[in-house]
1. Let me know the longest stretch in the chain that avoids all trypsin sites (Lys or Arg not before Pro) found in a DSSP loop with at most 13 other C-beta atoms within 10 Å.
2. Work out the length of the dipole vector of the chain about its Cα centre, built from +1 on the beta-carbon of each Lys and Arg and -1 on the beta-carbon of each Asp and Glu, and round it to the nearest 20 debye.
3. Taking Cα atoms, how many degrees apart are the long axis of helix 64-76 and the longest axis of the chain, rounded to 10 and kept between 0 and 90?
4. Please tell me which of these pairs span more than 29 angstrom C-alpha to C-alpha: 17/88; 60/88; 7/60; 10/60?
5. How far is helix 45-58 tilted off the main Cα axis of the chain, in degrees rounded to 10, range 0 to 90?
6. For the chain, which span is the longest to avoid every loop-located (per DSSP) member of chymotrypsin sites (Phe, Trp or Tyr not before Pro) having at most 13 other Cβ atoms inside 10 Å?
7. Would you compute, from DSSP H runs of 4+ residues alone, the mean residue ellipticity of the chain at 222 nm, taking -39500 (n - 2.57) per run and dividing by the full residue count, rounded to the nearest 500?
8. Using a Gaussian network for the chain with springs between C-alpha atoms less than 10 Å apart, which of these wobbles most: 96, 24, 118?
Amino acid sequence: MNSNNEKTGKHLGNAFKMLISWVILSGFLVLAYGVSYYFAWTFPPALSAMLALFAALQFKVIKLDWLTPGANPLLNFMPLFFVPAAAKVVEHSAIISQHWLVLALCLLLVPMCGLMCIGLIMQRLGKSS
């Protein structure tokens with residue numbers, strides 16, 4: 001009987017940790033939507049929520065251990081989030097085949113330019129410190 005109570009307590013503890021994690025993640029998203037709506041910003045609320053969450057983690061307002069129980073299951077099912085995007089690619093394959101060169105250049109040049117700019121900035125910051 002005692003081991004059943006321990007297992008139940010452990011499962012309830014894990015469920016509570018997962019719930020807290022989801023509340024924190026959802027809270028940042030809801031807060032970002034509220035701020036975006038209030039100030040009429042066009043910046044995507046999901047990105048501002050991620051930036052705010054990153055800042056909270058960096059300033060140690062939130063501990064990573066608090067987010068791990070809820071984030072791991074989401075990461076396990078991450079490929080499912082890309083299925084709608086893949087379906088749209090198949091749906092618009094005619095347009096993609098017409099403009100493949102422009103799309104390929106955008107997909108290659110934009111990240112390369114971004115990485116080079118970040119590299120230059122980091123080199124300059126490294127020299128100054």
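1. 64-129
2. On the way: 8 positive and 3 negative charges, 74 e Å.
So the magnitude is around 360 debye.
3. Relative to the chain, helix 64-76 is tipped by roughly 60 degrees.
4. Details: 17/88 36 Å; 60/88 39 Å; 7/60 32 Å; 10/60 27 Å.
Checking Cα-Cα distances, 17/88; 60/88; 7/60 exceed 29 Å.
5. Value to nearest ten degrees: 60.
6. It runs 83-129.
7. Numbers: 7 runs with 113 residues, N = 129.
Computed mean residue ellipticity for the chain: -29000 deg cm²/dmol.
8. Maximum fluctuation in the GNM of the chain, among the listed residues, is at 118.
Read-outs throughout are calculated quantities, based only on the coordinates presented, and are distinct from any laboratory measurement. Only a predicted model underlies this, so the values are computations on that prediction, with no experimental measurement involved. Virtual Cβ from ideal backbone geometry, glycine too; neighbours counted across all protein chains shown.
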